[in-house]
Ligand SMILES: N[C@@H](CCC(=O)N[C@@H](CS)C(=O)NCC(=O)O)C(=O)O
């Protein structure tokens, strides 16, 4: 199950959170309270040198990209079997391919 580092005061975090909830993709929620400066903690620094949310962690794989769409794409790709609503409605195949390709390119 993916772990999402989020602060729901952040718009991109809400987008990722709502997307995962709406599609039924299971994930664990880890609050990074930006108002308390938790993004500057040593613990979060090990997850993201950028010290920004949202971040997705799946096993040893950590996605700290600048685009929350990539996190959504990765969630879909990793958890397709758990999706309860139509993923293509949110995430067309072409976009999935783009995400896969950009993942390989780093
Ligand atoms: N889509 C954003 C997501 C990253 C981002 O800017 N996150 C903000 C919250 S919306 C953040 O973590 N800010 C904490 C900080 O700058 O200390 C990006 O382009 O990088």
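Where a number appears in this text, it was derived from the coordinates with a stated rule and is not lab data. Being a predicted model, the structure only gives us computed values, none of them experimental. All Cβ positions, even for glycine, are placed from backbone atoms using ideal geometry, and neighbour counts span all protein chains on display.
Odds and ends about this structure:
- Taking label points 7 Å from Cα along the Cα-to-Cβ direction, residue 43 and residue 9 give a separation of 1.8 nm.
- Rh by Kirkwood over Cα pairs, then Stokes-Einstein D for region 10-62 at 0.692 mPa s and 37 °C, µm²/s: 274
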